[in-house]
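The values are calculated or read from the model by the stated rules, or taken from the named source; none is laboratory data. What you see is a predicted model; the values in this text were computed from it and never measured. FYI the Cβ positions are ideal-geometry reconstructions off the backbone, even for glycines, and counts take in every protein chain you see. Side chains included, ligands, DNA and RNA excluded: accessible areas come from the protein's heavy atoms. Shrake-Rupley method; radii C 1.70, N 1.55, O 1.52, S 1.80 Å.
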Amino acid sequence: MKPYFPKEDVDKIKRNVEEILQSGMLTMHTYTEEFEKRFRSLCKVKHAIALNSGTSALEIPLRIMKLKTKDEVLVPTNTFTSTAATVLFAGGKIAFTDIDPNTLCIDSENVQRYMTRKTKGVIVVHVGGLICPDIEAIKEICEDHKLFLIEDAAHAHGSTMDGKPAGSLGDVGCFSFYPTKVMTTGEGGMITTNDDQTDKEARILRDQGKEDFHSSIIVQLGYNWRLPEINAAIGIVQLRRLPEIIEKRRKIAQYYNEKLGQISGLKPLKVPRGISNNFYKYVTFLEPKIDRDKLKQELREKGIQCAGEVYWPPLHLQPAYQKLLGTKEGDFPASEDACRRMLCLPMHSWMTTEDADYVIEKLDESLSEV
């Protein structure tokens, strides 16, 4: 993982920061407004609300849904803790689901399997940059049962399905700009939506519940979830660079695809037709007999650091969730198997095909040694 900041972008950010500091307007001003405008254009939605983190981007819409303690929200177990924890923070109840092991995403079959009368909504997670291939079928289920549908698009900036961008496929899209992401603001997040009321309430909640940024009238209880102007300025520069960033990652992914076919012991995750993946992660699956931990150690000794899995352990095996929900090994077998065999190869926008060749060569060597 390595953020992509060419020198000209660094120079541009420096000038922007100087302008911001001299203006005295360090938060919720012109750079934030410009960042939101550009991001809603990327996602082809009416509204984009800039925030201080992807976690905030998840919690705010869940709070807007007015969850009660018995209201369940379906969450695939192979996701980051924020996806699930924010359901609890917003007053609801987590209902973990299993996944389609071929895509690492929740599918309509699992939505139907785990849905109950208490189900209030579904959070679909676009894993590793891959838009959930079954999201349209899931959307139909949600519409039929009057459930909300939230996209956790923390990995999916610029990814599309049938020309529709991530962040435009559900009621709300939630993005993260953490340093490891395809594009970053250092720290930050974004909500995308076509719903005017969601936009209005999200803007209130992100700024301490004030009716307006320039007002001191508190209309509901909110938090300090604002994105500083300096972070927004970084985001604008990164967003301009996003097409190039994604193209570089896709080039490496395509190179991996071509070369890994000659190596036995692992198989790349297949991107379904119609989906354009930003390749936040390049995911492969090892054969069951291969010891992943030993393989990763061999690769580290050869100078290759494989990225964190998406995700291991899945949330139902994390100690905090086992304590909270009483979950255990065997509860979600498809997720457990797929996530246990997953290996994410190095992937960032500075990589060259020579770098990829080195990874492939040492991977082939290491597979023969474990």
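Brief remarks follow.
- Test: residue in region 128-136 that is within 29 Å of ILE218 (Cα to Cα), modelled with pLDDT of 95 or more, in contact with a Phe, Trp or Tyr (Cβ under 7 Å, 6 or more places away or on another chain) and open to solvent by less than 20 Å² (accessible area, probe 1.4 Å): no
- If you go through region 163-182 and keep only what is under 11 Å from the mean Cα position of the chain (by Cα) and hydrophobic (A, V, I, L, M, F, W, C), you end up with ALA166, CYS174, PHE175, PHE177, VAL182.
- From the list THR97, THR69, THR81, the lone residue that is surrounded by fewer than 19 Cβ atoms within 10 Å (Cβ to Cβ) and touching a residue at least 60 places away in the same chain (Cβ under 8 Å) is THR81.
- When region 275-301 is limited to residues that are part of a loop (DSSP other than H, G, I, E, B) and open to solvent by less than 40 Å² (accessible area, probe 1.4 Å), the one that is farthest from PRO76 (Cα to Cα) turns out to be ILE290.
- For region 231-252, a residue qualifies if it is open to solvent by 20 Å² or more (accessible area, probe 1.4 Å) and within 21 Å of LEU205 (Cα to Cα), and exactly one does: ASN231.
- Single match in ILE60, ILE13, ILE49 (criterion: open to solvent by less than 10 Å² (accessible area, probe 1.4 Å) and within 22 Å of GLN238 (Cα to Cα)): ILE49
To keep it simple, each residue is scored yes or no on (1) closer than 25 Å to LEU149 by Cβ; (2) part of a strand (DSSP E or B).
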| residue | (1), (2) |
| --- | --- |
| MET190 | yes, yes |
| THR198 | yes, no |
| GLU201 | yes, no |
| ILE230 | no, no |
| VAL237 | no, no |
| ARG240 | no, no |
| ILE252 | no, no |
| TYR255 | no, no |
| GLU258 | no, no |
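Conditions (1) modelled with pLDDT under 95; (2) more than 28 Å from GLY235 (Cβ to Cβ); (3) charged (D, E, K, R), marked per residue:
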residue: LYS68; (1), (2), (3): no, yes, yes
residue: LEU74; (1), (2), (3): no, yes, no
residue: ALA85; (1), (2), (3): no, no, no
residue: GLY91; (1), (2), (3): no, yes, no
residue: ASP98; (1), (2), (3): no, yes, yes
residue: LEU104; (1), (2), (3): no, no, no
residue: LYS120; (1), (2), (3): no, yes, yes
residue: VAL125; (1), (2), (3): no, no, no
residue: CYS142; (1), (2), (3): no, yes, no
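- Residue match in region 181-191 (condition: closer than 15 Å to PHE80 by Cα and surrounded by fewer than 24 Cβ atoms within 10 Å (Cβ to Cβ)): yes
- Residue match in region 17-24 (condition: closer than 23 Å to HIS155 by Cβ, open to solvent by less than 10 Å² (accessible area, probe 1.4 Å) and modelled with pLDDT of 95 or more): no
- Among the residues making up region 345-366, those that are open to solvent by 30 Å² or more (accessible area, probe 1.4 Å), assigned to a loop (DSSP other than H, G, I, E, B) and not polar (S, T, N, Q) are HIS348, TRP350.
- Members of region 253-273 that are within 25 Å of GLU136 (Cβ to Cβ), touching a residue at least 40 places away in the same chain (Cβ under 8 Å) and either touching a strand residue (DSSP E or B) at 6+ places or on another chain (Cβ under 6 Å) or acidic (Asp, Glu) (or both): ALA253, LEU269
- Test: residue in region 322-344 that is touching a strand residue (DSSP E or B) at 6+ places or on another chain (Cβ under 6 Å), closer than 25 Å to VAL75 by Cβ and not hydrophobic (A, V, I, L, M, F, W, C): yes
- Filter result (touching a strand residue (DSSP E or B) at 6+ places or on another chain (Cβ under 6 Å) and within 14 Å of MET115 (Cβ to Cβ)) within region 140-173: CYS142, LEU147, PHE148, LEU149
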